[in-house]
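Read through the structure below, which is laid out as structure tokens, and then see the notes.
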Amino acid sequence: MALTIAIPKPLQIAHCFWTFSAPVLYKDFQQTWPERQHINQIPVTISLLEAIAGVINRDFYFHQAKRQYLENSSKSIDVVVFGHTHIPDFRRTNDGFYINAGTWIDHNTSYPEATRTFAVIKTGAVDSAAVYEYTQTGALLDISESLST
């Protein structure tokens, strides 16, 4: 079985909210929210207010991954990879995997416990997904289970 991976486009939910200070780059995005969701092919649209309220809650991204892709019967998605929050996350569901790769920066002020994190997705006889941290000592550490809730 081959995995189908959904990598949301940059202007989906998370990206817009961290860029309120970039009015030139994202001019009038509040007024064009429905159009942006259409352009980015968001399967289940949400209001701008719901998205803004959710941005401070890491569970929001997981629930959106399930709602938009993993549990959406019109999609055939096995892995959803989100990013931009700089906070790594890993959740295995009956329908697939949700991964937030975290950040590749050395000093993650949003989540100091995990810096230089990235996702690894393997397909083949056994499909797998994980989040790894490149430690200060140069070792690679699978932190997936420590991120699971």
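Bear in mind these aren't lab numbers, they're just calculated from the coordinates by the rules spelled out. Keep in mind the model is a prediction, meaning the values are calculated, not measured. For neighbour counting, all protein chains shown are included, and Cβ atoms are generated from backbone atoms with ideal geometry for every residue, glycine included.
Across the stretch 38-140, the volume of the C-alpha convex hull divided among the residues equals 122 Å³ per residue.
Relative to the current alpha-carbon distance between ILE52 and LYS122, full extension at 0.36 nm per residue lengthens the span by 21.9 nm.
For ILE56, ILE121, ILE105, the sequence from fewest to most other C-beta atoms within 10 Å is ILE56, ILE105, ILE121.
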